[in-house]
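Below is one structure, written out as C-alpha cells; the observations come after it.
The values are calculated or read from the model by the stated rules, or taken from the named source; none is laboratory data. Keep in mind that this is a model prediction, so the values were computed, not measured. So basically every Cβ, Gly included, is an ideal-geometry build from the backbone, and we count neighbours across all protein chains shown. Ligands, DNA and RNA are stripped out before the accessible areas are found, and what is left, the full protein with its side chains, is counted by its heavy atoms. Shrake-Rupley method; radii C 1.70, N 1.55, O 1.52, S 1.80 Å.
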Number of protein chains: 2
Amino acid sequence: MTNITKQADSQDQCEGECDSCKITEDCNDQRKKQFEEQQRLKLQLGRIKHKIAIISGKGGVGKSTVTSNLAMAFAMQGHKNKVGVLDADIHGPCIPKMLGLKGKMFVGGPGGLLFPVTGKLGIKVASMDFLLPNDEAPVIWRGPLKMRAIQQFISDVTWGELDYLFIDLPPGTGDEPLSVAQLIPDLDGVVIVTMPSEVSQAVVKKAVTFAKQIGVPIIGIVENMSGFICPDCGAHLNIFKTGGGKKIAEDLSVPYLGSIPIDPNVCNDSDNGVPFITEKETSASKAFQEIVEKIIEFLALHNGN
Amino acid sequence: MTNITKQADSQDQCEGECDSCKITEDCNDQRKKQFEEQQRLKLQLGRIKHKIAIISGKGGVGKSTVTSNLAMAFAMQGHKNKVGVLDADIHGPCIPKMLGLKGKMFVGGPGGLLFPVTGKLGIKVASMDFLLPNDEAPVIWRGPLKMRAIQQFISDVTWGELDYLFIDLPPGTGDEPLSVAQLIPDLDGVVIVTMPSEVSQAVVKKAVTFAKQIGVPIIGIVENMSGFICPDCGAHLNIFKTGGGKKIAEDLSVPYLGSIPIDPNVCNDSDNGVPFITEKETSASKAFQEIVEKIIEFLALHNGN
C-alpha cells in the first residue's frame, strides 16, 4: 500500500485508502470490505511472533507429521497456549487427526469470527476439517476459493497472541503456497520436508527453487522416513534409501536439519492423534529434537527470538 | 454445445458456432480459437479407446507408481505402441523418471504440435517435465494456467490411435482433477490409490465422493504399501498397517481392486525407471497383475472391448 492519503469526496474518487477517507462510514464499496479484511489480517499477524511454513515438493513425505510434531515440541518447551497450527491443505486436511482433534468443529464468535479448536498444551488449530460434516466430504474447489479460505483462516480466526504459528501446506508450488507467501509477507521461513527416494528428491529441488524465487528464507531440509529398523531382528533396512536429503541440501547450499527414521510407532501415533515427540525415548523423537534445536537456532540468528 | 446453427453475418452476431458460420474464414475472434481448440481436443480424444485417470486423496501413496505400472502392464499385454500416459501433475511430474525417460524433452512437430516422448514398448508420454530445463525448476502456477497446460497436453500432443490413455493426477480434489473431468467427458473411470494409514484412509473417502459427485465411474480402490516382509528375517511387518483400503471400499460400496505390498525393489525400480511389473516373480508384481485383470474386467463390462 502506498503512503498517498487520498481524501475522497465521493466513491468515484476512491483509491482504496479507507483509513484516511472522509466518507468511509457511509461507504459500501467492495474495496472497503477488502481494506477491512487487510487490516484484520495485519492485526492478527502482528500478534504472532514467528510464522513458519512447512512445505514439500511431493505429497506423502510426512509434512503434516513434521508440522504436528513441531507444534507439540515448541508447546512442550515453554510455549504452552502460545502455539498455533494453520492447516492450509484444503483438500486433504490431516492436522486435526494427528493432533487428536478429529471430529471437532469450529465454534463461531462475535462479529463472524471463529474460535480455533484447541488441543493438548493449548495448541490452537484452524483446519478445513473443522468445517466439513464428515470424512467423505471433498472440497471441490479451484484456486481462488482456496486462497480465500486460507485468508479467512488467518484473519477471521481468533488466534490471539502466539509465539509460533506453523502453516502446513499441501504439496506442490501452486495456489496454496503462493497464497500463503502473499498473505504472510513476514514469514520467518520454510521447513522443506522430503523422503529418501530419488523421485522425491527430484521434486524437493523444485520446492527449494520455489522458496528462493518468491524470496522466502529457507530454514532447512528435513529427510523423513530415512531407514527402518526391523523390530523383530534389528536389521537396518533402507526401504526408501537414505541420505539423499543431506546431499541435496549440500548441492543447493541450503541448511540440513536432520533425518527422521521410519518407526511403525510414528504411524500409529499419528493415527491416534499423539505426536511421537511426546515419547522421548524413541529414535524418531530423539532425531526430531535435534531438528527442533536447529530451527530455534535459525530463528535466534535471523530475528532474535 | 447446442444444436442451434447460427449463421452469423458479422462478429456481433457470433454465438461461437464456427462450423456453421458464414464468415469463419475471415474471423479473428478469440472464440474461433477456442472453437478450434475444442475441435482438436475432440478429434484427439476420439482416437483414444479408453481413458483412465489415477487419483488419490493424499499425496505420496504411490499414484505415479501405479500409473506407470498400469501403462507397462497393458503395453505388455498386446497393446505395444498403443498406450499413452498423460502426467497431469504439473508441480511434481514423476512419470518420466518412473518410465526411464528422465532428461528427455518434447520435440515440436508441424502446426505447433508436440510429439510425445516414447518409452519402452512404445508407451507415449506427455509431462511438464519434458518442458523444464532441469529438476530444480518449479512450476509456480495457479489453477487457470494448469488447466490450460493439461488441455494442451491432450489437444496439442500427437497421441495418434491409442487403446489406453492413463492420466496421472496430483493429489486432492482441486483444479487438475476438475480440469481433466471437464476436458475428457468420456473418461472410462478412475482408479483410486490409497495406503493403509488411517490418515490416508480418511482422505481417500473424499476422492471417492469427488468422483461420485462429478459423475465419473469408479473402477476401484488400490491399497499400496500394504505390509512389508523383512528381507533379512522374513518377518511380516505392517509399517503402515494394512487392510484399510478394502474396508473403505466395502463401506462406500466401491470395487476393491487389490493391495500391493511394500517392496524395497519397487522403490529401486521406480528410481531406475523400470516399472516393477516387468519382474514377474515378485510379490508386488503378482499382486499388481490381479489388479490389472480386474480393470480389464471393468472395461469389458462397461463399454465392451
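The same position A:K104 in the other copies lies at 5.0 nm from this copy, comparing label points 7 Å beyond Cα toward the beta-carbon, shortest first. Taking 7 Å steps out from each Cα toward its Cβ at A:D251 and A:E290 produces label points 2.2 nm apart. Take chain A, connect every pair of alpha-carbon atoms lying under 10 Å apart with a spring to form a Gaussian network, then pick out the residue of A:G160, A:G16, A:G273 with the largest mean-square fluctuation. Answer for the Gaussian network model of chain A: A:G16. Accessible-area loss of 30 Å² or more (1.4 Å probe, protein heavy atoms, chain alone versus all protein chains) is found in the stretch B:137-164 for B:P138, B:I140, B:R142. Modelled this way, with points 7 Å down the Cα-to-C-beta line, the labels at B:L121 and B:R31 are 4.6 nm from one another.
Of all the options B:V83, B:V292, B:V193, the one that moves most in a Gaussian network model of chain B with Cα springs shorter than 10 angstrom is B:V292. Available extension along the chain between A:E279 and A:L131 is 50.2 nm, counting 0.36 nm per residue and deducting the alpha carbon span. Have a look at B:F130, B:F35, B:F276 and tell me which one the Gaussian network model of chain B (Cα, springs below 10 Å) gives the largest fluctuation. Looking only at B:F130, B:F35, B:F276, the biggest GNM fluctuation is shown by B:F35. Entry comment: accessible area of the protein assembly as shown is 40 Å² per residue, from protein heavy atoms only and a probe of 1.4 Å. Grab the beta carbon distance between B:K22 and A:H302, set R0 = 51 Å, and tell me the FRET efficiency rounded to 0.05. The computed FRET efficiency comes out at 0.15.
Taking both sides together, the accessible area buried where A meets B is about 4700 Å² for a 1.4 Å probe.
Ranking A:W141, B:W159 from most to least accessible surface, computed with a 1.4 Å probe over the protein chains only, gives A:W141, B:W159. Kindly provide log₁₀ I(q)/I(0) values, in the same order as q = 0.11, 0.12, 0.17, 0.18 Å⁻¹, from the Debye equation applied to equal alpha-carbon scatterers of the stretch A:20-95. The computed values of log10 I(q)/I(0) come out as -0.48, -0.55, -0.81, -0.85. Accessible surface of the protein assembly as shown, 1.4 Å probe: 50 percent of it comes from carbon and sulfur atoms.
Legend: residues in the stretch A:76-121 shielded by at least 30 square angstrom of accessible surface upon adding the remaining protein chains to the isolated chain (1.4 Å probe, heavy atoms) are A:H91, A:C94, A:K97. Position A:Q39: other-copy label points at 5.5 nm, ordered by increasing distance, label point 7 Å along Cα→C-beta. Here is the size of the protein assembly as shown from its Cα atoms: Rg then Dmax, 25.3, 82 Å.
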